[in-house]
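Beneath this line is the structure, given in structure tokens, with notes to follow.
The values are calculated or read from the model by the stated rules, or taken from the named source; none is laboratory data. None of these values were measured; they are calculated from a predicted model. Note that we place each Cβ from the backbone using ideal geometry, even for glycine, and neighbour counts take in every protein chain shown.
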Amino acid sequence: MERPLSEKEMEVIINDVVDKYGYDFSEYSKASMMRRINYLFITDRFVSFAEMRYRIKNDEQYLPRFIECITVSVTEMFRDPHFYRALAADVLPVLATYPLIRIWHAGCATGEEVYSMAIMLKEANLLHKSLLYATDISPVALEKANNGIYSLSQMQLYSENYINAGGKHSLSDYYHAQYESAKLDASLRARMVFSTHNLAMDSSFNEFQLILCRNVLIYFDHNLQNKVFKLFDNSLERLGFLALGTKESLRFSSISQRYKQSNVKEKIWRKMKGQDDMS
């Protein structure tokens, strides 16, 4: 087997991808990128760096595979049930006061957490006046999210998460079993908008009362994290909420002074001041 790719070779590939396709991964964590590109190198059985580089530069059909591997994320329905309990207690009662609720799931991966939110909103009688915007850089992940079809075997774990998150019914009420798959109810999908969006490069596209970006920023370096926080700040209404993953924080970001942590145990912040309020 060929030796692992070097950091210099990794940077060449990253530059090729941005030059040819416009996807910029240069501010992603270098350690994470090294692991993922070398995983792809081994898994797809490239015999040399030159062969891998040629494939990426000259085979546009290979690009979705590359992006899917580089941006792969671990997700599940009602992941961290205590987080969903905090949302139900602290955030949903505030959202209920709005005539239209706009929520952005940034870096939604294959969509499990978006459907989790839709179920929570439905049980709070809020789904009918909500729009859930779900974005990701990976077209492959978004296609799966849009389809809303997951492994039936996963539903046992998801059902346990749902109960621990304070679910009011049975998770099976929200999907139809088809052989080894579970298709989530179309009424949930009806309130969702799926679209590609690159957090590293794309701009704000709406104004939201709640933005969720959980376990994505840990793969970015500090500069890119700050860039994304500014994007979220520009996309969030005053008094809106920003929810992050368990290992992510606003504490040392450039926008932290405008936010107050609304739940001590969970990574949920509320935007207390707009840019015009800052001297």
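Is it true that some residue in the stretch 85-107 is on the phi > 0 side of the Ramachandran plot and either modelled with pLDDT under 95 or surrounded by 20 or more Cβ atoms within 10 Å (Cβ to Cβ) (or both)? I'd like the intermediate steps shown before the answer.
Filtering the stretch 85-107 for residues on the phi > 0 side of the Ramachandran plot gives 107.
Next, only the ones that are either modelled with pLDDT under 95 or surrounded by 20 or more Cβ atoms within 10 Å (Cβ to Cβ) (or both) stay: 107.
There is at least one residue in the stretch 85-107 that is on the phi > 0 side of the Ramachandran plot and either modelled with pLDDT under 95 or surrounded by 20 or more Cβ atoms within 10 Å (Cβ to Cβ) (or both).
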Exercise for the section: Pick out, from the stretch 54-120, the helices (runs of 4 or more DSSP H) lying fully within it that include 2 or more residues that are in contact with a Gly (Cβ under 8 Å, 6 or more places away or on another chain). Expected result: 81-86
Practice task
Under 9 Å between Cβ atoms, at least 6 apart or on separate chains: pull out the pairs that start in the stretch 138-150 with a residue that is more than 15 Å from Val72 (Cβ to Cβ) and end on any residue that is of a type in the set (Asp, Glu).
Solution key: Gly148/Asp185; Tyr150/Glu112
Handout entry: Where a residue in the stretch 40-64 is free of Cβ contacts under 8 Å to residues at least 60 places away in the same chain and its partner, wherever it lies, is assigned to a helix (DSSP H, G or I) and of a type in the set (Ser, Thr, Tyr), with Cβ under 7 Å and at least six apart
Key = Arg55/Tyr62; Ile56/Tyr62; Leu63/Tyr21
Practice task
Could you give me the residue pairs with C-beta distances under 7 Å whose first residue belongs to the stretch 212-227 and is of a type in the set (Lys, Arg), whose second residue is crowded, with 19+ Cβ neighbours inside 10 Å and part of a strand (DSSP E or B) wherever it lies, and which are 6+ apart or on separate chains?
Solution key: Arg214/Ala243; Arg214/Leu244
Problem - Hits in the stretch 121-133 (condition: over 18 Å from the mean Cα position of the chain (by Cα) and outside any helix (DSSP H, G or I)) - result: Ala124, Asn125, Leu126, Ser130
Fill in the blank from the handout: Residue set Ser235, Ser187; condition out of contact with any helix residue (DSSP H, G or I) (no Cβ under 9 Å at 6 or more places or on another chain), touching a residue at least 40 places away in the same chain (Cβ under 8 Å), surrounded by fewer than 21 Cβ atoms within 10 Å (Cβ to Cβ) and hydroxyl-bearing (Ser, Thr, Tyr); output residue Ser235
Exercise for the section: Please indicate, with yes or no, whether at least one residue in the stretch 8-28 is assigned to a helix (DSSP H, G or I), touching a Phe, Trp or Tyr at 6+ places or on another chain (Cβ under 6 Å) and among the basic types (Lys, Arg). Expected result: no
Handout entry: Residue match in the stretch 134-154 (condition: closer than 21 Å to Arg270 by Cα and within 20 Å of the chain's Cα centre (by Cα))
Key = yes
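I'd like the residue in the stretch 138-149 that is in contact with a Ser or Thr (Cβ under 7 Å, 6 or more places away or on another chain) and surrounded by fewer than 22 Cβ atoms within 10 Å (Cβ to Cβ) and, out of all such residues, is modelled with the lowest pLDDT. Write out each step before concluding.
Narrowing the stretch 138-149 to residues in contact with a Ser or Thr (Cβ under 7 Å, 6 or more places away or on another chain): 138-139, 141-142, 144-145, 149.
Of the ones still in play, those that are also surrounded by fewer than 22 Cβ atoms within 10 Å (Cβ to Cβ) are 139, 142, 144, 149.
Values: Pro139: 90, Leu142: 95, Lys144: 95, Ile149: 96.
By that ranking, first place goes to Pro139.
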Completion exercise
Inside the stretch 175-194, the number of residues satisfying the requirement of being more than 22 Å from Glu76 (Cβ to Cβ) and in contact with a Ser or Thr (Cβ under 8 Å, 6 or more places away or on another chain) is 0
